[in-house]
Amino acid sequence: MRRAGGLVGGVLMVMVSGCGTGSYSGSDEQCDTSTPYAEGDFSFTYNLDSSLPGEWVEEFTTIMGNLNEWAPVPACVHDVPEMSSPMNIYAWNGAVENPFPEKPDMQGASISGDGSETWMVLEIPEYDLTYDSLHRYSVIVHEYWHVYQLGLTRDNDAPTWLWEGGAKVAEEFYSQQEYGQSEFDNGLFPIMASGLSQPAAFEEYVDGDLDINYNTSTFMVLALAKELQEAQGLSEARAFEMILKDFQAAKLTEPDWKIAFAATFSVSPEEFYATLDQYPTVASDEDWFEGDVLDVPSLMPSKDLTFTDVLSASAA
Ligand SMILES: [Zn+2]
């Protein structure tokens with residue numbers, strides 16, 4: 001999800017998760033993050049354009065089925081304004097113009113809304129389809145994870161690095177489990193180092209010049225997982241589960257994310273940021289990327305750690 005709110009083609013497009021301030025004041029008894037959507041399963045309506053290859057459509061269906069089984073959207077999604085079931089998903093091959101006249105301003109991949117409805121946008125780049133990039137599938141997991149997060153938090157996306165880094169980690173764990181490979185294999189290259197001198201900046205904005213691919217946010221998530229394993233003796237799976245689920249759910253009762261962070265992880269955000277300077281920064285050795293990057297192979301998750309291991313760690 002790109003935080004690209006603003007006027008697009010004369011229509012106000014709002015990234016739904018960008019609206020969250022944690023100011024919800026309803027009763028918590030109505031919301032149990034451990035149970036799926038209460039009024040029947042949360043469902044999606046698939047609007048899949050014929051420009052997409054049949055192979056993609058088939059895999060899309062498989063992925064959505066897996067995610068619905070492994071991480072059903074929590075019941076708290078009821079409380080997110082303008083979220084309702086079924087949620088429309090619009091997907092097409094980027095080689096063609098947006099084929100959905102009812103939603104004329106869609107582009108890229110996001111969870112978007114217009115103030116009365118929320119939907120998922122999946123414009124699959126032609127490049128990804130032509131070259132069989134795993135991103136053509138992992139982007140589905142990424143955007144689904146944002147819907148899951150919205151349900152888990154009632155729309156409280158702070159801080160951005162844990163929101164986007166969490167979605168990125170989810171998609172890479174899914175790829176590792178289902179396709180036997182992921183961006184962890186190449187050390188998440190490139191992890192841009194330019195923003196690290198002021199990690200708190202990532203609380204507010206992680207994309208743009210500082211973290212164009214969300215890999216710096218993801219690096220911070222991996223560093224936090226390592227910290228939890230080393231300082232608290234958590235298993236690798238449980239550390240990631242705590243980051244992906246427990247922390248997000250904690251914001252339901254404690255909307256101030258810094259307090260929720262300290263309560264969940266037993267370390268304050270500032271204390272955690274101070275640990276990041278142990279990781280080495282080097283000049284990129286790839287021709288196609290110029291600049292300083294983080295070289296942190298020791299932070300990459302175990303190759304045999306699966307998404308389902310992570311999602312069920314506390315139940316194991
Ligand atoms: Zn995102």
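The values are calculated or read from the model by the stated rules, or taken from the named source; none is laboratory data. Everything quoted here is computed from the prediction, not taken from an experiment. Methodologically, a virtual Cβ is constructed for each residue, glycine included, from the backbone with ideal geometry; neighbour enumeration extends over all protein chains shown. In case anyone asks, the SASA skips ligands and DNA or RNA and just uses the protein heavy atoms, side chains included. Shrake-Rupley method; radii C 1.70, N 1.55, O 1.52, S 1.80 Å.
Working only within segment 60-73, note down all residues that are open to solvent by 10 Å² or more (accessible area, probe 1.4 Å) and either out of contact with any strand residue (DSSP E or B) (no Cβ under 6 Å at 6 or more places or on another chain) or modelled with pLDDT of 95 or more (or both).
Matches in segment 60-73: Thr61, Thr62, Gly65, Asn66, Asn68, Glu69, Trp70.
Condition check ((1) open to solvent by 30 Å² or more (accessible area, probe 1.4 Å); (2) within 15 Å of the ligand (Cβ to nearest atom); (3) acidic (Asp, Glu); (4) at pLDDT below 95) across all residues:
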| position | (1), (2), (3), (4) |
| --- | --- |
| Ala75 | no, no, no, yes |
| Glu82 | yes, no, yes, yes |
| Ala95 | yes, no, no, no |
| Glu117 | yes, no, yes, yes |
| Val121 | no, yes, no, no |
| Glu126 | yes, no, yes, no |
| Ala170 | no, yes, no, no |
| Tyr179 | yes, no, no, no |
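For the condition in the same structural domain as Ile89 (by TED's automatic domain parsing) and not in a loop (DSSP other than H, G, I, E, B), what is the one hit in Gly166, Gly151?
None of the others qualify; the one that does is Gly151.
Any chance segment 136-143 includes a residue that's open to solvent by 30 Å² or more (accessible area, probe 1.4 Å) and either of a type in the set (Lys, Arg) or more than 16 Å from the ligand (Cβ to nearest atom) (or both)?
Within segment 136-143, none of the residues are open to solvent by 30 Å² or more (accessible area, probe 1.4 Å) and either of a type in the set (Lys, Arg) or more than 16 Å from the ligand (Cβ to nearest atom) (or both).
Can you pull out the residues in segment 97-115 that are farther than 18 Å from Asn68 by Cβ and either outside the structural domain of Tyr46 (by TED's automatic domain parsing) or within 16 Å of the ligand (Cβ to nearest atom) (or both)?
Met106, Gln107, Gly108, Ala109, Ser110, Ser112, Gly113
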